[in-house]
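Here it is: the structure, laid out below.
Every number in this text was worked out from the coordinates using simple rules, so none of it is lab data. Quick caveat, the model's predicted, so the values are computed rather than measured.
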């Protein structure tokens with residue numbers, strides 16, 4: 001009986017944090033949703049809450065533990081993909097700024113960077129293949 005109470009307290013804390021963030025002046029994520037997106041969002045939150053509070057809830061049928069776990073893995077994979085994409089864009093912007101600082105737009109330096117990039121990619125591929133041959 002302690003688990004549902006703890007979950008409800010955390011849910012109340014999240015709602016309180018959402019209300020506090022809403023007063024900051026930015027529109028909340030729920031206000032950015034439109035039409036059916038709000039309906040599906042609320043339905044998803046309610047179903048998730050029902051599954052967390054009572055995993056043996058028979059009316060959910062296929063939405064039991066396995067489907068819940070798969071959805072959780074999907075969401076985590078999408079979140080990690082988002083972080084990786086942000087990291088790549090951040091690295092790309094830092095690289096572009098540093099190359100501009102070095103004066104890269106010159107054609108000769110751009111050519112040497114392209115050759116260096118191709119050589120490094122080929123070397124990494126060759127090392128990767130050799131490693132797999134060695135391991136297997």
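So how much slack lies between residue 50 and residue 83, counting 0.36 nm per residue of separation and subtracting their Cα-Cα distance, in nm?
So the chain would gain 9.0 nm between residue 50 and residue 83.
Once the piece of chain linking residue 119 and residue 42 is laid out straight, how much longer is it, given 0.36 nm per residue of separation minus the C-alpha distance between them?
Extending this stretch completely gives an extra 22.5 nm.
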